[in-house]
Amino acid sequence: MQTAILVIGAVLIAWLIFTFLFKIIRTTIKTALMVAAVVLLLMFFGIGPGEVFGLIGDWIGGLAGGGADPQPTQAVPPVN
């Protein structure tokens, strides 16, 4: 009787872990595809990925106190 309960518990735990990992992987892939779609759309308008991620890096640096935000009239240089 104890063996049956142990097997049922192990199967239940394995199923919960599997579904949890599957949801994480699915969400990660979905997010990566959305980011790629936005970057490709911006490339259509002549804005490269370096400019986008450079601006995001500047924002994060500004939030963390790592420097001033760029002025609206300044162009943000691409990050290599």
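Rule-based calculations on the coordinates, nothing more; no lab input. Nothing here was measured: the structure is a model prediction, and the numbers come from that model. In this analysis, Cβ positions are derived from the backbone assuming ideal geometry, glycine residues included, and neighbour counts consider all displayed protein chains.
From the list VAL35, VAL11, VAL39, VAL7, exactly one residue is in contact (Cβ under 8 Å) with a residue 12 or more places away in the chain and β-branched (Val, Ile, Thr). Which is it?
Working: VAL35 fails: in contact (Cβ under 8 Å) with a residue 12 or more places away in the chain; VAL11 fails: in contact (Cβ under 8 Å) with a residue 12 or more places away in the chain; VAL7 fails: in contact (Cβ under 8 Å) with a residue 12 or more places away in the chain.
None of the others qualify; the one that does is VAL39.
Please enumerate the residues belonging to the stretch 1-57 that are more than 29 Å from PRO78 (Cα to Cα) and not in a helix (DSSP H, G or I).
Of everything in the stretch 1-57, just one residue is more than 29 Å from PRO78 (Cα to Cα) and not in a helix (DSSP H, G or I), namely MET1.
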